[in-house]
Amino acid sequence: MNKTKKIILSILGGIDVSFYMFTPIMIAVIWIGISNLLVWQIYTLFAFGLLATLFRAIKIGWLKND
């Protein structure tokens, strides 16, 4: 495989991992924008989104070590 294909695949892989990790936060932001929530409910959604992102980041880190 030549260098150009490797560069393109590595960029696409990085974009895929970025979207995979930050999808829970994006979903929380969209959900908050659509619905009429109380302040504590907004913070709860953000907390769940951040915890899901942290879990996915740890999962990616463990997959890298295999």
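Just so you know, all these numbers are worked out from the coordinates, no wet-lab data involved. Please read all numbers here as calculations on a predicted model, not as lab measurements. Every residue, glycine among them, receives a Cβ derived from its backbone with ideal geometry; neighbour counts consider all protein chains shown.
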Measuring from the longest principal axis of the C-alpha atoms of the chain, the long axis of helix 39-65 (C-alpha) lies at a number of degrees, nearest 10, equal to 20
Hits in the range 6-20: amide N under 15 Å from the 7 Å Cα→Cβ extension of VAL29, namely 18-20
Computed on Cα atoms, the radius of gyration and Dmax of the range 3-65 in angstrom are 15.4, 52
To the nearest 10 degrees, the tilt of helix 3-34 (Cα long axis) against the first principal axis of the alpha carbons of the chain is 0
